[in-house]
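Readers should treat all values here as calculations from the given coordinates under stated rules, not as data from a laboratory. What you are looking at is a predicted structure, and each value in this text was computed from that prediction instead of being measured. Here the Cβ positions follow ideal geometry from the backbone for every residue, glycine too, while neighbour counts run over all protein chains shown.
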Amino acid sequence: NALSKISRGNGTSNNYQLIGMKLESKKIKIINSVLECVYKRDKRDLSVGDIINISENIMDNFMAINNSSDEKSKRKLIITDSLEREA
């Protein structure tokens, strides 16, 4: 079933939709990798609540990393722009 596939790191977009989660394929790959590791460690299928909690934590961290790299890019652009004006 969908829950078992997701728990073992083999979830598809349709599997995630069946448990109420709509995810992009890039995010599914990341979440599946983590869930596969958790399954190998715990040797049991996860509950829907566990899957949602893990997914939310991953996405929070993923967004924080993306936002920080965006901020670094913005700072680089500002520094480069001001250096070009001085030259």
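Brief remarks follow.
- Inter-probe distance in nm under a simple model that places probes 7 Å from Cα toward Cβ, at Ile58 and Glu24: 1.5
- Charge tally in the Cβ shell below 13 Å around Ile28, where Lys, Arg are +1 and Asp, Glu are -1, Ile28 excluded: +3
- Sequence of Tyr39, Tyr16 once ranked by neighbouring C-beta atoms within 10 Å, starting from the fewest: Tyr39, Tyr16
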